[in-house]
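All remarks here apply to the structure that follows.
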Amino acid sequence: MRTVVASGKSIEDAVKNGLTQLQTTEDRVSITVLEQPSKGLFGLIGAKVAKVELALLPEPEPVTISAVQASAAPVAVQEKKDDAFPLEEAVRFIKEVALTMDLDIEVEHTVEREGNVLNITGSNLGLLIGRRGQTLDALQYLTNIVVNRYSKNHLRVILDAESFRDRRRKTLEELADRLAGRVIRTRKDVVLEPMSPQERKVIHSRLQDHSKVKTFSKGEEPNRRVIITLK
């Protein structure tokens, strides 16, 4: 099995670099996180890049018509489990990652409007969440790779840890309201710090019906920012 070790500023960047080295796609590899990124003291001293190991999966064997006909009953049973099996693999992957961090966790699956939510419970979850949810976002990215490797149809998985997403959403909504008030008072634009697409969406949604301000995004990922300005 061919493997490579790749690094990058984030888990996502490291995975992309590894895929480039292997000249393949996400569904054809298994991914192991070796090191989480860290900014270090003052963003300089002791800073670490993300490091992952990608292992190229063997090519699947072709299935002939006769083989399918010979095992019609087992195939029918497997189809009934298709929806559950990828999510079971996702839960197993999350628990394996937590185990490498010496965390004892449980994962609960619920289906909500946004998609399949996997909520993690346990102690010391700050390690899994990271600064402003950055580690949780990286783990969510990898979990979606895992779940869709086993699913016939695209599944969207949202990873949460003791309702962190809801608390973060409320914080961002309060921030949006406060900064909108500043724009109205000072009549000057406000440029927010870089955010993930999900967090930018919270800001946009909160202020989309505001009578005096509007929002738009500017820049390239991962440094794309929300700007609040007067209408």
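Which of the residues belonging to the stretch 206-215 are part of a strand (DSSP E or B) and open to solvent by 90 Å² or more (accessible area, probe 1.4 Å)?
From the stretch 206-215, those part of a strand (DSSP E or B) are 213-215; that's our starting set.
Matches in the stretch 206-215: K214 only.
Matching residues to (1) under 26 Å from I227 (Cα atoms); (2) of a type outside the set (S, T, Y); (3) surrounded by 17 or more Cβ atoms within 10 Å (Cβ to Cβ):
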| position | (1), (2), (3) |
| --- | --- |
| H109 | no, yes, no |
| L118 | no, yes, yes |
| A161 | no, yes, yes |
| R168 | yes, yes, yes |
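A quick yes/no check of all residues on (1) part of a strand (DSSP E or B); (2) under 30 Å from R156 (Cβ atoms); (3) at pLDDT 80 or above:
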| position | (1), (2), (3) |
| --- | --- |
| K51 | yes, yes, yes |
| E59 | no, yes, no |
| F93 | no, yes, yes |
| E96 | no, yes, yes |
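Restricting the first residue to the stretch 14-27 and requiring it to be free of Cβ contacts under 8 Å to residues at least 60 places away in the same chain, which pairs with a second residue that is polar (S, T, N, Q) meet a Cβ separation below 8 Å and a spacing of at least six or different chains?
So the pair list comes out as A14/S7; N17/S7; L19/T25.
The values are calculated or read from the model by the stated rules, or taken from the named source; none is laboratory data. No experiment lies behind these values; they were computed from the predicted model shown. FYI the Cβ positions are ideal-geometry reconstructions off the backbone, even for glycines, and counts take in every protein chain you see. Calculation scope for accessible area: heavy atoms of the full protein, side chains included, ligands and nucleic acids excluded. Shrake-Rupley method; radii C 1.70, N 1.55, O 1.52, S 1.80 Å.
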